[in-house]
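Here's the structure we're looking at; comments come further down.
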Amino acid sequence: MIYLDAAATAPVREDVLQTIAPLLTRDFGNPSSSHGAGETAARALDYARRTAAGVLGCRPGEIVFTSGGTEADNLAVKGWALAAPRGRHLVSSAVEHPAVLESLDFLRRVHGFRVTLVPVDAEGRADPEAFRAAVTAETTLCTLMYANNEVGTVQPVAEVGEHCRALGVPFHTDAVQAAGWLPLDVGALGVDAMSISGHKLGAPKGSGLLYVRGSLPLEPLLHGGGQERGRRSGTENVAGAVALAVALARGEAERSEAAERIGRYRDHLVRRVLAEVPEAVLTGHPEQRLPGHASFCFPGTSGESVLLELERAGVQCSSGSACAAGRDEPSPVLTAMGYGPDVAGTAVRFSFPRSVTEAEAALAASVVGPAVARVRGLAPRA
Ligand code: PLP
């Protein structure tokens, strides 16, 4: 089976596994304990914090380890809005992950915030000028994802960051899909907060972090023992934090090579699919997209049927986002990009893990056209 659903989750890297094994067994201490076992764990956590900070170009104290991308997004959006309202207005885009959109909606429903969702164009990009225009004197936070999970479009984060800085409004980005593929230097991106998830990068599920600029106040979501400088209580997932940090650092070291190599495999798949399936539509931006990401609509099919055919042919991918799988409504992301429900319901996403080989990628590219044709009834099932 060829796994092309890395945007949903990726396998744990072998080098990460080797690094964390002792932290789960021999060096299992609680970093808050004052004996030797605790100190060993505290040192490991400190190493993780310094390593992650090195990749992001921030101070170690600006990293808050979380249970993943969802918690990091919730902490950024709710933690910030509740701690520091300049006013009760929040600005974001129409294509954010539910972890952001539902947090915004919670603030609207329960705390009376007003939310402006900036629209996107047909390729899924938000206009930085529209972000600037949406900000008012009451705006407490802007948040725009770095790259979209469903269509792979990369957003103009640095431009929006520049506007936000000029306007004095804090700016958060959800970099869950971008991490490992795009530069993460928070200074160059002009972001005040950034969410990252471990399991997209080769660390285990349940690990993540939020970078949050030192001077920014944050109301914690989890209250308790005051870990993570009071910003996130709960005994730290030491192995998860170390795994995430190592995966981030290794991912960054390999980033250019991986983006170039996987980008080639992806381009081959896109060319082949568009040549063999004349009605196929490549969704998302043709160039400003994640290197390992290809998403299509196949009008006249159903996305789920194409997925089944592809799995029969030995390729696992997804209909859009893992979170939306099984839901009947058309994708809000594709809807925001202007696709009608008939077309949006035919979405199929291929997202390449770094571990994929050229031969696997080529094989996968060769089975898509025939699978779509079988679903359309144009060719007998093999
Ligand atoms: N943000 C984006 C863009 C994502 O793609 C995901 C997961 O798919 C998340 C946030 C949530 O991350 P996690 O699965 O670590 O909670």
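Every number in this text was worked out from the coordinates using simple rules, so none of it is lab data. All values derive from a computational prediction rather than experimental measurement. FYI the Cβ positions are ideal-geometry reconstructions off the backbone, even for glycines, and counts take in every protein chain you see.
Can you put LYS78, LYS205 in order of Cβ neighbours within 10 angstrom, beginning with the fewest?
LYS205, LYS78
Nearest 10 degrees is fine. How inclined is helix 98-111 to the longest principal axis of the chain, computing both from alpha carbons?
So the helix axis and the longest Cα principal axis differ by about 60 degrees.
Would you mind ranking ASP192, ASP174 by Cβ crowding within 10 Å, fewest neighbours first?
By the 10 Å Cβ count, ascending, the order reads ASP192, ASP174.
Does anyone have the angle between helix 14-24 and the longest principal axis of the chain? Alpha-carbon axes, 0 to 90°, nearest 10?
In the chain, helix 14-24 runs at an angle near 40 degrees to the longest axis.
Express the relative contact order of region 180-328 as a whole percentage, based on alpha carbon pairs under 8 Å and six or more residues apart in sequence.
RCO, region 180-328: 17 percent.
Can you compute the charge dipole magnitude of region 117-222 about its Cα centre, using +1 on each Lys and Arg Cβ and -1 on each Asp and Glu Cβ, nothing else charged? Give it in debye, rounded to the nearest 20.
Charge dipole of region 117-222: 360 debye, to the nearest 20.
Which translational diffusion coefficient, to the nearest whole µm²/s, is obtained for region 250-360 from the Stokes-Einstein equation, given a Kirkwood hydrodynamic radius over C-alpha pairs, 4 °C and 1.567 mPa s? Mind showing how you got there, number by number?
Details: Rh = 14.8 Å.
So the translational diffusion coefficient is about 88 µm²/s.
Give the Rg (one decimal place) followed by the Dmax (whole number) of region 14-250, computed from C-alpha coordinates and expressed in Å.
Considering region 14-250 through its Cα atoms, Rg and Dmax are 17.6, 58 Å.
What is region 14-250's relative contact order, in percent, from Cα pairs under 8 angstrom and six or more apart in sequence?
In percent, rounded to a whole number, it is 27.
Over all directions, how big on average is the projection of the convex hull of the alpha-carbon atoms in region 83-202, in square nanometres?
For region 83-202, the mean projected area of the Cα convex hull comes to 7.2 nm².
Based on Cβ point charges of +1 for Lys and Arg and -1 for Asp and Glu, what charge dipole magnitude is obtained for region 14-250 about its Cα centre, in debye rounded to the nearest 20?
580 debye
Return TRP181, TRP80 ranked ascending by Cβ neighbour count within 10 Å, so the fewest neighbours appear first. Don't jump to the answer; show the numbers that get you there.
Numbers: TRP181 27, TRP80 24.
So the residues, fewest neighbours to most, are TRP80, TRP181.
Multiply the residue gap between SER256 and GLU14 by 0.36 nm, knock off their C-alpha separation, and tell me the result in nm, one decimal place.
Additional length available on full extension: 85.1 nm.
Quick one, what does Rg over Rh come out to for region 267-317 if you take C-alpha atoms and the Kirkwood Rh? Don't skip to the end; give the middle numbers.
Details: Rg = 11.3 Å, Rh = 11.9 Å.
Taking Rh as the inverse mean 1/r over Cα pairs, Rg/Rh reads 0.95.
Just add up the charged neighbours of GLY251: K/R +1, D/E -1, any other residue whose Cβ is under 13 Å from the Cβ of GLY251. Walk me through the intermediate numbers first.
Numbers: positive: ARG13, LYS200, ARG250, ARG255, ARG354; negative: ASP15, GLU252, GLU254, GLU257.
Overall, the nearby charge balance is +1.
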